[in-house]
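Read the structure below first, then the notes.
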Amino acid sequence: MTLIIDCHGHYTTAPKPLEEWRNRQIAGIKDPAQMPRASELEIGDDEIRESIVNNQLRLMKERGNDLTLFSPRASFMAHHIGDFEVSSTWAAICNELCFRVSQLFPDHFAPVAMLPQSPGVDPKTCIPEMEKCIREYGAVGINLNPDPSGGHWKEPPLTDRWWYPIYEKMVEYDVPAMVHVSTSCNPSFHTTGAHYLNADTTAFMQCVQGDLFKDFPALRFIVPHGGGAVPYHWGRFRGLAQEMKKPLLTEHVLNNIFFDTCVYHQPGIDLLNKVIPVKNVLFASEMIGAVRGIDPTTGNYYDDTKRYIDACEELTDDDRHAIFEGNARRVFPRLDARLKERGL
């Protein structure tokens, strides 16, 4: 029997006190007298249970999803707000909440860590929170924001040595990173309709241009939202790599880069699976995320992505097993170990 593993979930339904505390923290940037202490945030287990049972868990059961890799709400990461101290406190709070979800619902959620990134700040500063989440919370992966400036792209490309301290720790702990931006504060880029998809495409192209995986052959990135424009323009990327005298993309990046299935219509999923090798596709829905409505042409929720995989004529049963379970266990070895401990 195949486990249905959703590799892309965020705590978008966290109890209201979290947002209220965050608003106080943001106010405290200008007026330090208003800055709250982390200890002032009180969220009980019953509040967490209610936020999950009536939302993510209910939909998971309705749609046949077994396990979600769960990280803090992407748009709430907002690394561009405040300084490193602000980001560090906020990341610690959000990561602890996701850990508590995984403790209350161990059969259905595994934590993925947000990093306390801040514009222009050395990535080394993220390592203590990353290590804590892996060692103490059992995080199976991390989310890495390639643009902490919030839509202004002030950081070096992902292939720059500036990022290497994070990559060294990823390899040491054998965890992948989902390359996921946060809120756009640039009015030219809608957060979920433009900034997210631009970032997915940009991150992939940065890796094509560089030689990052020669230095880190074991490094693994998940590019979310179906890879942005990548599958649709695969010929363009192949041609550009050829002009740059890079190896074939199958050798240059596809041993290290994977794509999720957060693509919200059948033709998009069909294209993804026709263009990208099955071994590079991981099931995901980003459920209760950017696209929450019902598609009037089908009567189903846009983000009920399991339906699209089930209906994709490009795929065999073995392919579906790989996308739903096998690839996630391979890309997230700590998840695989966690499941084996449960006899799965």
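The values are calculated or read from the model by the stated rules, or taken from the named source; none is laboratory data. Since the structure is predicted, the reported quantities are computational estimates derived from the model, not experimental observations. Please note: Cβ atoms are built from the backbone with ideal geometry, for glycine as well, and neighbour counts cover all protein chains shown. We work out accessible area using only protein heavy atoms, side chains counted, and drop any ligands, DNA or RNA first. Shrake-Rupley method; radii C 1.70, N 1.55, O 1.52, S 1.80 Å.
Number of residues in region 73-125 that are in contact with an Asp or Glu (Cβ under 8 Å, 6 or more places away or on another chain) and without any contact (Cβ under 8 Å) to a residue 12 or more places away in the chain equals 0. Taking residues in region 30-57 that are within 22 Å of Gln103 (Cβ to Cβ) and open to solvent by less than 90 Å² (accessible area, probe 1.4 Å), and partners anywhere that are assigned to a helix (DSSP H, G or I) and of a type in the set (D, E, K, R), the pairs with Cβ atoms closer than 6 Å and at least 6 places apart or on different chains are Ile48/Arg100.
The helices (runs of 4 or more DSSP H) located wholly in region 53-117 that include 3 or more residues which are under 18 Å from the mean Cα position of the chain (by Cα), within 25 Å of Asp147 (Cβ to Cβ) and at pLDDT below 95 occupy 74-77.
Does at least one position in region 183-205 carry a residue that is under 23 Å from His252 (Cβ atoms), over 16 Å from the mean Cα position of the chain (by Cα) and not small (Gly, Ala, Ser)? For region 183-205, residues under 23 Å from His252 (Cβ atoms), over 16 Å from the mean Cα position of the chain (by Cα) and not small (Gly, Ala, Ser): present. Being open to solvent by 20 Å² or more (accessible area, probe 1.4 Å), free of Cβ contacts under 8 Å to residues at least 24 places away in the same chain and charged (D, E, K, R) is a condition met by no residue of region 270-278. Out of region 313-323, which residues are in contact (Cβ under 8 Å) with a residue 24 or more places away in the chain and either part of a strand (DSSP E or B) or more than 23 Å from the chain's Cα centre (by Cα) (or both)? Within region 313-323, Glu313, Glu314, Leu315 qualify. The condition of being within 23 Å of the chain's Cα centre (by Cα), assigned to a helix (DSSP H, G or I) and under 30 Å from Gln209 (Cα atoms) does not hold for Arg338. Restricting attention to region 259-299, the residues that are in contact with a Phe, Trp or Tyr (Cβ under 7 Å, 6 or more places away or on another chain) and among the aromatic types (Phe, Trp, Tyr) total 2. Total residues in region 134-163 satisfying the condition of being within 22 Å of Gly9 (Cβ to Cβ) and of a type in the set (Asp, Glu): the figure is 2. Contact map, region 155-175: first residue over 19 Å from Ala203 (Cα atoms), second residue among the charged types (D, E, K, R) and surrounded by fewer than 18 Cβ atoms within 10 Å (Cβ to Cβ), Cβ cut-off under 6 Å, separation 6 or more or different chains; the map is empty. Number of residues in region 289-312 that are open to solvent by less than 60 Å² (accessible area, probe 1.4 Å), touching a residue at least 24 places away in the same chain (Cβ under 8 Å) and in contact with a strand residue (DSSP E or B) (Cβ under 8 Å, 6 or more places away or on another chain) equals 2. Considering Tyr232, Tyr308, which residue is among the aromatic types (Phe, Trp, Tyr) and closer than 24 Å to Lys61 by Cβ? Just one listed residue meets the conditions, Tyr308.
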